[in-house]
Amino acid sequence: MTAAEVKTPPVPPTPSTPPTPSASASASAARRLAAGVRLAWLHLRSRRVPSALLALALCGGALRAVLHWHLMSGGALAQQGPMVIEAGAAVVIAITTHSPFGEAERATGRWLPYLRLGAALALTGIAIGALQLGVTGASLPGGILALARNVIGITGIGLLTSLITGGLLAWTLPLGYLGLAEYALNEAWRNPWTWPARPPADRGAWICAALVFAVGLAAATLRGARTSLADNG
């Protein structure tokens, strides 16, 4: 027998161990989580939310400066200064409803309304927190209750405005309402719809501000800001 006649028996392949159902489920959940986080981050970047966070921090710093150095003090001015800054924070939130992608974004899927809702709620909470942090240790007329009511109410006006004008012009009606509120403050109006001029515990003012915010939030969540003059759908 020669060496050529000696045949090495074939080595059987090593059987691969199939993944267990729990491992497959874990891997699938991890992929979905990563995809969800990436989608949320892209949405926030498209809305310029990082820039909005910086702007809200600046609003908190401006409110701190106004109260610390008494830049606007005495009579109605003591309330008008913080009111202007609170309206500015609300305007920042409203402008983030602008989408640079227009109609193309609306075809991306069912997650868009949830992303809109989450972004608006998170920014509103952050705005209130940033302003409250700015007044820590200072005396704010009306306190945190008036601050929160003004922010959520004027944010609601901005969200509703974005449906008509688009996100980039969503500042128009909030600033118009700010002028009306300052006039109401000077004239001592008692109308609950001019909630910035009402005491912080006024129930009617809270109902009006919360109602405007709820309607604006729901409309902006389901429909989104107007993307063009021809956007009627």
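The values are calculated or read from the model by the stated rules, or taken from the named source; none is laboratory data. Note that the coordinates shown come from a computational prediction; the quantities given were computed from them, not determined experimentally. Ideal geometry is used to build each Cβ from the backbone, glycine not excepted, and the neighbour counts take in all protein chains shown. Remember, those area values only see protein heavy atoms, side chains included, never the ligands or the DNA or RNA. Shrake-Rupley method; radii C 1.70, N 1.55, O 1.52, S 1.80 Å.
Scan the range 129-153 and report the pairs whose first residue is in contact (Cβ under 8 Å) with a residue 24 or more places away in the chain and within 15 Å of GLY61 (Cα to Cα) and whose second residue is crowded, with 19+ Cβ neighbours inside 10 Å and small (Gly, Ala, Ser), with Cβ atoms within less than 7 Å and a gap of 6+ or a chain change.
Here the result reads ALA130/GLY60; LEU131/GLY60; LEU131/ALA89; LEU133/GLY60; GLY134/GLY60, each pair linking the range 129-153 to a residue that is crowded, with 19+ Cβ neighbours inside 10 Å and small (Gly, Ala, Ser).
Residues of the range 187-207 being of a type in the set (Lys, Arg) and modelled with pLDDT under 95, which ones?
We begin by selecting, within the range 187-207, every residue of a type in the set (Lys, Arg); these are 190, 198, 203.
Matches in the range 187-207: ARG190, ARG198.
Can you name the number of the only condition in (1) out of contact with any Asp or Glu (no Cβ under 7 Å at 6 or more places or on another chain); (2) open to solvent by 20 Å² or more (accessible area, probe 1.4 Å); (3) modelled with pLDDT under 95 that LEU121 fails?
Of (1) out of contact with any Asp or Glu (no Cβ under 7 Å at 6 or more places or on another chain); (2) open to solvent by 20 Å² or more (accessible area, probe 1.4 Å); (3) modelled with pLDDT under 95, only one is false for LEU121: (3).
Looking at the range 29-46, can you tell me whether even one residue there is modelled with pLDDT of 90 or more, surrounded by 15 or more Cβ atoms within 10 Å (Cβ to Cβ), of a type outside the set (D, E, K, R) and in a helix (DSSP H, G or I)?
In the first step, residues of the range 29-46 are kept if they are modelled with pLDDT of 90 or more; the result is none.
Within the range 29-46, not a single residue is modelled with pLDDT of 90 or more, surrounded by 15 or more Cβ atoms within 10 Å (Cβ to Cβ), of a type outside the set (D, E, K, R) and in a helix (DSSP H, G or I).
Are there any pairs with C-beta distances below 9 angstrom linking a residue in the range 200-216 that is closer than 9 Å to ARG149 by Cβ and of a type in the set (Asp, Glu) to a residue that is open to solvent by 50 Å² or more (accessible area, probe 1.4 Å) and not in a loop (DSSP other than H, G, I, E, B), with the two at least 6 apart or on different chains, and if so which?
Note: no pairs meet the criteria.
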